[in-house]
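Here is the structure we will look at, set down as structure tokens.
The values are calculated or read from the model by the stated rules, or taken from the named source; none is laboratory data. No experiment lies behind these values; they were computed from the predicted model shown. Quick reminder, even Gly has a Cβ in these numbers, built from the backbone with ideal geometry, and neighbours come from all protein chains shown.
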Amino acid sequence: MRVRLIYILFISLMLSCKSSKTVIDDTHLIHDLVASKKFKFTGVSASPMVTQSLTAVANSGLIPPGSSISRIDLNGTNNYLKIKGDSVSANLPFFGERQFGGGYGASTGIEFDGIPNNYEQLFNADKQKYTISFQIADTSDLYNVHIDVYPNKSSVVSVNMANRNAIQYNGNINSIEEEEPVQNE
């Protein structure tokens, strides 16, 4: 009798265990936000490609407090990637290796401002996320940018470059209208 009860409990437990998939409908706010093309990504952390050189920098104590070699905390830094209409702009810190010299006056971070090439924005219903990708160049590099936007406004930005190692940023997006206007004193 006791074995039968344990067997029934085990079977009912196994049948009740399943993963749940939250499906967002067409009225979800994320659809309007991405379609408006007026949003700003703000990074919370950066995940550079871990190399021997970056390990040497980390061992010397030059990474920010609270960070590790594979996850660098960006709180307190003014970083962004904005999509506003047909133009994009970014000012993201870069951690990693540069394959070629930057030259005098070259930015140390990922900085661009202009109209991107091959802009594509798709909603993946199976994975419940938006995928945005584009290419943009500045005077010293070509950037291939890939953005994943989730319904809770969390985002992952991956940047591949011609002259530097790839890097990934984790953060959130917000509508540009939600930002408070800058007050001049």
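Apart from one condition, I147 fits all of (1) in contact with a Ser or Thr (Cβ under 7 Å, 6 or more places away or on another chain); (2) free of Cβ contacts under 8 Å to residues at least 40 places away in the same chain; the exception is (2). For region 137-176, a tally of residues being surrounded by 19 or more Cβ atoms within 10 Å (Cβ to Cβ) and farther than 25 Å from L54 by Cβ returns 2. Across region 38-74, the number of residues qualifying as β-branched (V, I, T) and over 21 Å from the mean Cα position of the chain (by Cα) comes to 2. Criterion first (part of a strand (DSSP E or B), among the acidic types (D, E) and farther than 27 Å from A58 by Cα) does D113 satisfy it? Yes. Of everything in region 137-148 that is in a strand (DSSP E or B) and at pLDDT below 95, the residue that is nearest to L74 (Cα to Cα) is Y143.
For L122, the conditions (1) surrounded by 14 or more Cβ atoms within 10 Å (Cβ to Cβ); (2) in a strand (DSSP E or B) all hold with the exception of (1). Residues in region 164-185 that are part of a loop (DSSP other than H, G, I, E, B) and either at pLDDT 85 or above or hydroxyl-bearing (S, T, Y) (or both): N165, A166.
Just one of (1) of a type in the set (K, R); (2) touching a Ser or Thr at 6+ places or on another chain (Cβ under 7 Å); (3) modelled with pLDDT under 80 fails for K38. It is (3). Can you say whether I69 is touching a Lys or Arg at 6+ places or on another chain (Cβ under 9 Å), at pLDDT below 90 and under 21 Å from S158 (Cβ atoms), as far as the supplied structure shows? It is false that I69 is touching a Lys or Arg at 6+ places or on another chain (Cβ under 9 Å), at pLDDT below 90 and under 21 Å from S158 (Cβ atoms).
Here is the figure for region 44-85: residues that are at negative phi, in a loop (DSSP other than H, G, I, E, B) and not polar (S, T, N, Q) total 9. Going by what's in this entry, would I83 be described as within 20 Å of A35 (Cα to Cα) and surrounded by 14 or more Cβ atoms within 10 Å (Cβ to Cβ)? Spelling it out, I83 is indeed within 20 Å of A35 (Cα to Cα) and surrounded by 14 or more Cβ atoms within 10 Å (Cβ to Cβ).
Suppose the filter is among the acidic types (D, E) and free of Cβ contacts under 8 Å to residues at least 40 places away in the same chain; does E111 pass it? Yes; evaluated as a whole, the condition is true for this residue. Say whether the condition of being touching a residue at least 24 places away in the same chain (Cβ under 8 Å) and either among the acidic types (D, E) or in contact with an Asp or Glu (Cβ under 6 Å, 6 or more places away or on another chain) (or both) is met by at least one residue in region 33-40. Taking every residue of region 33-40 in turn, none turns out to be touching a residue at least 24 places away in the same chain (Cβ under 8 Å) and either among the acidic types (D, E) or in contact with an Asp or Glu (Cβ under 6 Å, 6 or more places away or on another chain) (or both).
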